[in-house]
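Laboratory data are not the source of any read-out in this text; all were calculated from the coordinates shown. These numbers were taken from a predicted model, which means no experiment stands behind them. Heads up, the Cβs are rebuilt from the backbone with ideal geometry, glycines too, and the neighbour counts pull from every protein chain shown.
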Amino acid sequence: MAYQRYTVTHDPDSLEDYGRNWGDAPDGTTGWLREGEYIVTSEWTISSDQEAIPTLKPGGQGTGISEDKLMTVVYLEGGTAGITYKVTNSIISYENNLGNRKCTRTALLTCCER
């Protein structure tokens, strides 16, 4: 499976937000969502091949869907420098007359010390 790879600067005492734009990008790149389609549910999971129980976790502010229902966000805290985590976002979308669709995307985030 191909993953998107991101490197985040990590401070174990901070709360970092990570988002995914499922709609069209500002540069005109077509997103996964179709015109008129919007996100109705979003779920995030975190795993690591290097830690049995990941130390990177959703923070106290949790997760959310943007007001326009085209983007999702998770607030992350913890983690261990040098460890790579799989951060997976699964959504269900809705489009009038066409019903629901599901999609899951995973990004690799590597924590680094500041």
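The stretch between THR45 and TRP32 holds 2.7 nm of extra length on full extension. This uses 0.36 nm per residue minus the Cα-Cα distance.
Taking 0.36 nm per residue of sequence separation and removing the Cα-Cα distance, the ALA25/GLU95 pair yields an extension gain of 23.3 nm.
Counting neighbouring Cβ atoms within 10 Å and putting the fewest first, the residues ILE92, ILE65, ILE53 line up as ILE53, ILE92, ILE65.
By the rule of a C-alpha distance below 22 Å, with chain neighbours fewer than 8 residues away ignored, the lysines paired with LYS69 are LYS102.
Subtracting the Cα-Cα distance of ASP17 and THR84 from their residue separation scaled by 0.36 nm leaves 22.4 nm.
Of the residues THR41, CYS112, GLN61, the one whose Cα sits farthest toward the positive end of the charge dipole of the stretch 4-113, with +1 on the Cβ of Lys and Arg and -1 on the Cβ of Asp and Glu, is THR41.
Protection proxy ranking, highest mean first, for peptides 28-37, 15-24: 15-24, 28-37, where packing is the per-residue count of other beta-carbon atoms within 10 Å, averaged. Can you work out the FRET efficiency for the pair ASP68 and LEU108, with r the C-beta to C-beta distance and R0 = 35 Å, to the nearest 0.05? That gives a FRET efficiency of 0.80.
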